[in-house]
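The values are calculated or read from the model by the stated rules, or taken from the named source; none is laboratory data. Being a predicted model, the structure only gives us computed values, none of them experimental. Note: ideal-geometry Cβ built from the backbone for every residue, glycine included; neighbour counts use all protein chains shown.
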Amino acid sequence: QYIQYTKRNVLARQVRSLHQTSARAGAGGIFVHRDTPANNPETPFEFTPENMKRVDAIMNNYPEGHKAAATIPVLDLAQRQHGWLPISAMNKVAEILGVAPMRVYEVATFYTMFLRQPVGKYHVQICTTTPCTLCDSDSILEAIQNKLGIKVGETTADKLFTLTEVECLGACVNAPMVQINDSYYEDLKPSDIEQIIDELKADRVPPPGPRSGRFSCEPAGGLTSLTEPPPGPGFGVRPDL
Amino acid sequence: MTEFSFLGELSLYGFILYFNCATAPETPKKTKFGPLADQDRIFTNLYGRHDWRLKGALQRGDWYKTKEILDKGVDWILNEIKVSGLRGRGGAGFPTGMKWSFMNKPSDGRPKYLVVNADEGEPGTCKDREIMRNDPHKLIEGCLVAGRAMGARAAYIYIRGEFYNESSNLQVTINEAYAAGLIGRNACGSGYDFDVFVMRGAGAYICGEETALIESIEGKQGKPRLKPPFPADVGVFGCPTTVANVETVAVAPTICRRGGTWFLSFGRERNSGTKLFNISGHVNNPCTVEEEMSVPLKELIERHAGGVRGGWDNLLCVIPGGSSTPLIPRHVCDTVLMDFDALIQAQTGLGTAALIVMDKSTDVIRAIARLIEFYKHESCGQCTPCREGVDWMNNMMWRFVKGDAQSAEIDMIWEISKQIEGHTICALGDGAAWPVQGLIRHFRPLMESRIADFKQKQQARA
């Protein structure tokens, strides 16, 4: 078992050194923008009228004179509409919010969820931070790579799947897990992630959540707390209220 | 300022003594902690088995007599929080009553804000996620009560971008609360106006730091500010702000309802109340559970997480409070209590109470190296000790994993970690330095044997 573990260590290390050199889809990749035919200030980008209403609603969340505070939510909206963020989208956001474009570029390069390169339809983000590594996220990563035939940072030829390795996603008691677009798939075994990929290929989005049979974060061996029905309003309330 | 809450406890103590007269003995100090009775649990829908919306929340006792709590006024609410001994649940453990009372200054024309830190990124921690998707009304009510206690005009809940479904639950909850008149103009009929906004982040652990969070809300890069000036003087949009963790804010209404002394009755002195614990790693049943503070670590793992994989004797070490706290080896784990003071005495910390359990099959050097890589990725890059030092430590740690190093480099990496710790703008530097120190403190022989093995293999190849 120890030898198996060492082999996996070596594989993981090799994987790591590969992704450090390949350009990744999010921040952590190339920070400098170079105009390409698909990504230049003339790339068409306009908010749809429905999204413009959302932009206005977002800007109303913040006090007068602080429209710049809406940068992150509006960039996120632009990304949801377009799929990724070309430089023209960032320029548009800067224009709407009345800030210098450089401020928007700063934000778009700082946060890892802003994608400055196109991604596939399903962005598979696997967490490999220590709590997930302890629960064998290496085998999940290996399973995804074998199933899709791509390495970390790459997109499949049919532009359906992009695989990235990300930092802690905040679902550590449900390790190992992946995030695909907006949903978490947790408590995975290699067979689970293969099933999920098959369903996505067949254009059916599987329901998110733990795959091991438990509902959320309760102990899998049975409830050890909250076994009684919750008390109603007024229970234990102090008398002088 | 510590005297203030101590005086509160002292006067309460004197009160009990007076009424018990000279013949009755004083209430003995508690020595056995845990297990917590279900009726004392605050987060009754932690596992999502009941309805999280307004109807279900009302049935479970949320929003009960909130108007009466608000009508009691600022001083009463702050006093209850102080008496309860609540300490910040986001990792630092700063006494909450004291922190919230920093905002208790006459207004100078600027509105005051409450900011709720729901950017849960610390490896090991996943407790706020459960509060926000299964019991969100506790959080919204907490925002209102805490906001009233600080005189805040509005609350911004900054939730991490990856928690899309949780933030959608939260937004639905806020809409329900507005529709029912519980927040907004004349919240709960108390005459107090209070707004709550959800702001989604976009993937940066550093935005969990309070000043970086404020920068992020203002629409800039999440780079922490120097303190002073503290957020209570100059915070979000230049206005007085308090940044509080989700759990801290969410337990506030229950404390006000059931009494600060009820909360104080759990846990040891100065470490009172209940806490959500996340137990992950090499246990049989990883889970999130609400337990009493000061519960022994061994009991917590065995009772709720089904014990360590392969039995307690198979335990190698535990990281007790999320990745920023140093690890503790088996002999410490046998007896240590899970609270702030006991873990500080064990040269670690409670942090967010996210236990990462490692058994004997773990390559602990690789585990710590992966954590340092996490800190390297998440460093914002502002200050040199963190940006350069953590990257340097990361390179060294991965060489230690292979054993490709000299023995003297162990002392070198210790020195680097000491140069980073305390010399940075924010605590991410400390958070990166401490795991390395914990590893060297307890697993130095392992590191040296790895180095010796590697050297031997190299010589055998030559």
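A few remarks follow.
- Complete set of residues in the stretch B:93-115 that are in contact (Cβ under 8 Å) with a residue 12 or more places away in the chain and out of contact with any strand residue (DSSP E or B) (no Cβ under 8 Å at 6 or more places or on another chain): B:Gly97, B:Met98, B:Ser101, B:Asn104, B:Lys105, B:Ser107, B:Arg110
- Check on A:Glu154, of a type outside the set (S, T, N, Q) and within 14 Å of chain B (Cβ to nearest Cβ): no
- Scoring B:Lys138 on the criteria (1) among the basic types (Lys, Arg); (2) in contact with a Pro (Cβ under 6 Å, 6 or more places away or on another chain); (3) modelled with pLDDT of 95 or more leaves a single failure, condition (2).
- Here B:Val145 clears all of (1) over 20 Å from B:Asp51 (Cβ atoms); (2) assigned to a helix (DSSP H, G or I); (3) facing chain A (nearest Cβ under 9 Å) except the condition numbered (3).
- Condition met for B:Gln406 (exposed (fewer than 14 other Cβ atoms within 10 Å of the Cβ) and in a helix (DSSP H, G or I)): no
- Selection within the stretch B:341-376 - away from chain A (no Cβ under 14 Å), in a helix (DSSP H, G or I) and buried (at least 22 other Cβ atoms within 10 Å of the Cβ): B:Leu343
- Screening B:Ala212, B:Ala202, B:Ala244 for residues that are of a type in the set (A, V, I, L, M), assigned to a strand (DSSP E or B) and in contact (Cβ under 8 Å) with a residue 40 or more places away in the chain leaves exactly one candidate, B:Ala244.
- Residues that are surrounded by fewer than 19 Cβ atoms within 10 Å (Cβ to Cβ) and not in a loop (DSSP other than H, G, I, E, B), drawn from the stretch B:80-103: B:Met98
- Within the stretch A:162-182, residues that are within 11 Å of another protein chain (Cβ to nearest Cβ) and free of Cβ contacts under 8 Å to residues at least 24 places away in the same chain sit with their Cβ atoms under 7 Å from residues that are among the aromatic types (Phe, Trp, Tyr) and surrounded by 24 or more Cβ atoms within 10 Å (Cβ to Cβ), at 6+ positions apart or across chains, in these pairs: A:Gly170/B:Phe163.
- Those residues of the stretch B:206-250 which are within 15 Å of the chain's Cα centre (by Cα) and among the hydroxyl-bearing types (Ser, Thr, Tyr), in sequence order: B:Thr248
- The stretch B:241-259, subset small (Gly, Ala, Ser) and surrounded by 24 or more Cβ atoms within 10 Å (Cβ to Cβ), residue nearest to B:Ala155 (Cα to Cα): B:Ala244
- Residue list for the stretch A:42-76, restricted to those being part of a helix (DSSP H, G or I) and either of a type in the set (S, T, N, Q) or in contact (Cβ under 8 Å) with a residue 60 or more places away in the chain (or both): A:Asn51, A:Thr71
- Verdict on B:Glu209 being surrounded by 24 or more Cβ atoms within 10 Å (Cβ to Cβ) and within 9 Å of another protein chain (Cβ to nearest Cβ): no
- Among the residues of the stretch B:377-390, those identified as more than 10 Å from chain A (Cβ to nearest Cβ) and closer than 24 Å to B:Arg160 by Cβ are B:Ser379, B:Gln382, B:Cys383, B:Cys386, B:Arg387, B:Val390.
- Single condition A:Leu11 does not satisfy, out of (1) in contact with a helix residue (DSSP H, G or I) (Cβ under 8 Å, 6 or more places away or on another chain); (2) at pLDDT 95 or above; (3) assigned to a helix (DSSP H, G or I): (2)
- Yes/no for B:Met396 being at pLDDT 95 or above, crowded, with 16+ Cβ neighbours inside 10 Å and not assigned by the TED database to the domain that holds B:Leu316: yes
- Out of B:Asn278, B:Asn285, sole residue that is within 11 Å of chain A (Cβ to nearest Cβ) and assigned to a loop (DSSP other than H, G, I, E, B): B:Asn285
- Inclusion of B:Gly349 among residues that are within 15 Å of the chain's Cα centre (by Cα), within 28 Å of B:Ile372 (Cβ to Cβ) and of a type in the set (Gly, Ala, Ser) is warranted.
- Being out of contact with any Cys (no Cβ under 6 Å at 6 or more places or on another chain), of a type outside the set (A, V, I, L, M, F, W, C) and surrounded by 15 or more Cβ atoms within 10 Å (Cβ to Cβ) holds for only one residue in A:Arg211, A:Arg204, and it is A:Arg211.
- Test: residue in the stretch A:219-228 that is closer than 30 Å to B:Glu68 by Cα and either modelled with pLDDT under 95 or in contact with an Asp or Glu (Cβ under 6 Å, 6 or more places away or on another chain) (or both): yes
- Here is the figure for the stretch B:321-340: residues that are crowded, with 24+ Cβ neighbours inside 10 Å and touching a helix residue (DSSP H, G or I) at 6+ places or on another chain (Cβ under 6 Å) total 5.
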